[in-house]
Every structure is written in structure tokens, then in C-alpha cells.
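Novice: One structure, pasted below without further comment.
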Amino acid sequence: MSNKPFALGLAAVSATLVLAACGSMAPMKPMASTFMQDSLPEAVRVPAGNKVAMQTVGVGEITYECRDKANMPGMTEWVFVGPNAVLNDRSGKQVGKYYGPPATWEAMDGSKVTATQLAVAPAGAGNLPYQLVKANPAMGSGAMTGVSYIQRVALQGGVAPASVCGAGNKGAREIVKYQADYIFWTAS
């Protein structure tokens, strides 16, 4: 007598149990409620009474334009125009985007925030500065709801181009690559 029907039945039961176990698994734990700020300059640390809600890695570009310097006739400089970046979670999955102006962080669920810059601090030669912004109330309902502060840390690149900005190329635009972690905080 063959054991094939028994083996096939056992395989079906095992598969059902595996699927049931997967369906009843608890959701992934949220990010740690604390983000080690000890190594950051004091000016860009988030005040007590807030906890980490989401950690993302922004990968993208920043556009600069050659323009006249404010209140300095005849002088020109590269001026920050705006960012265009994808926001990924720590596993590399896209969870949102960052663009501007105005600077806007938008989750894949459509919720988004703009913010007011509170402080910046040097983050090393060739890198954008660390930044702390206070979030405005979220537009839409979702991942950005309740965000109180956003920190820009772990910076790589993004500074104004090294190429010449002068009277001969006013209005020219250049794009530079950058990467930064954006840490989203909510009130505790």
C-alpha cells in the first residue's frame, strides 16, 4: 500500500499551518523610540518629549541655479533651488519622497508635511549641514500625521557645485547628488 495519499495530505496540512501562522504573525515592531542624538551638535537635537516615528534614507538630487547675490550688485553665487529625493526605509523600500520648493516630505499614503528650519550645523566638508526643522501640521492622514520635528543627519554630498557661477552663466542650473537620513519625530 502506497503512502502517497498520506504524504500529500500531510503536505497540504503543513502548508495550511504555515500560511495560518504567517497570517497571524504580529506586525513588525516600530522603530526604536529613541534615536541616539549624542553625537549630533546641540543645535540640531530634538527637544525632550518627542520620540522617533520613522527613519528614512533620502537618496536624490539638489538643483542649484547661478543667480545674483542678494544686496551685492555684480556678484553671483550658486543658490539652492530645491531637492528631489526618494525616501527609503532601512531595508531600501521606498516609503515616500522629498521635494520642493517648499520643502515637502510626502509618504506613499499621500500624507505630507512642510516645515520651518530651526537650526543647522556643519556636517563635514562637501556635505550639506545637519538640519532640524519643526513640522507644520500634516496635510492628509497617514504616516506624516503628528510629525513634530524632522532631523537631517548622516549626510553625503549635496553642496553647491564647484563650477564657476558668473555673469556669463547667470540662470544656469546644475544638479548635484546627495544622500541623507531623515528622522521623523512625534510628541511622546
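The values are calculated or read from the model by the stated rules, or taken from the named source; none is laboratory data. Not measured: the values here are computed from a predicted model. Positions of Cβ are generated from backbone atoms using ideal geometry, with glycine treated the same way; all protein chains shown enter the neighbour counts.
Each row is one residue, and each column tells you yes or no for (1) more than 20 Å from Ala138 (Cα to Cα); (2) modelled with pLDDT of 95 or more; (3) of a type outside the set (A, V, I, L, M).
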position	(1), (2), (3)
Gln37	yes, no, yes
Pro41	yes, yes, yes
Thr56	no, yes, yes
Val59	yes, yes, no
Cys66	yes, yes, yes
Pro73	yes, no, yes
Tyr98	no, yes, yes
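Novice: Can you work out which of the residues in the range 134-153 that are among the β-branched types (Val, Ile, Thr) and surrounded by fewer than 22 Cβ atoms within 10 Å (Cβ to Cβ) is nearest to Asn50 (Cα to Cα)?
Specialist: Applying the filter and picking the extreme gives Thr145.
Novice: Given (1) within 30 Å of Ala172 (Cβ to Cβ); (2) exposed (fewer than 14 other Cβ atoms within 10 Å of the Cβ); (3) in contact (Cβ under 8 Å) with a residue 40 or more places away in the chain, where does Thr76 come up short, assuming only one miss?
Specialist: (2)
Novice: Within the range 63-121, which residues are of a type in the set (Asp, Glu) and touching a helix residue (DSSP H, G or I) at 6+ places or on another chain (Cβ under 6 Å)?
Specialist: Selection gives nothing.
Novice: Condition first: more than 14 Å from Trp185 (Cα to Cα) and either part of a strand (DSSP E or B) or aromatic (Phe, Trp, Tyr) (or both). Now tell me which residues in the range 95-106 satisfy that.
Specialist: Correct list: Val95, Gly96, Lys97, Tyr98, Tyr99, Thr104, Glu106.
Novice: Something else: Is it the case, given these coordinates, that Lys112 is more than 23 Å from Gln37 (Cα to Cα) and of a type outside the set (A, V, I, L, M, F, W, C)?
Specialist: So Lys112 passes the test.
Novice: Right, next: With the requirement that a residue be over 18 Å from the mean Cα position of the chain (by Cα), touching a residue at least 60 places away in the same chain (Cβ under 8 Å) and assigned to a loop (DSSP other than H, G, I, E, B), what does the range 130-168 give you?
Specialist: Of everything in the range 130-168, those that are over 18 Å from the mean Cα position of the chain (by Cα), touching a residue at least 60 places away in the same chain (Cβ under 8 Å) and assigned to a loop (DSSP other than H, G, I, E, B) turn out to be Ala160, Pro161, Cys165, Gly166.
Novice: Name every residue in the range 103-129 that is of a type in the set (D, E, K, R) and either free of Cβ contacts under 8 Å to residues at least 12 places away in the same chain or crowded, with 17+ Cβ neighbours inside 10 Å (or both), in order of residue number.
Specialist: Hits for the range 103-129 are Glu106, Lys112.
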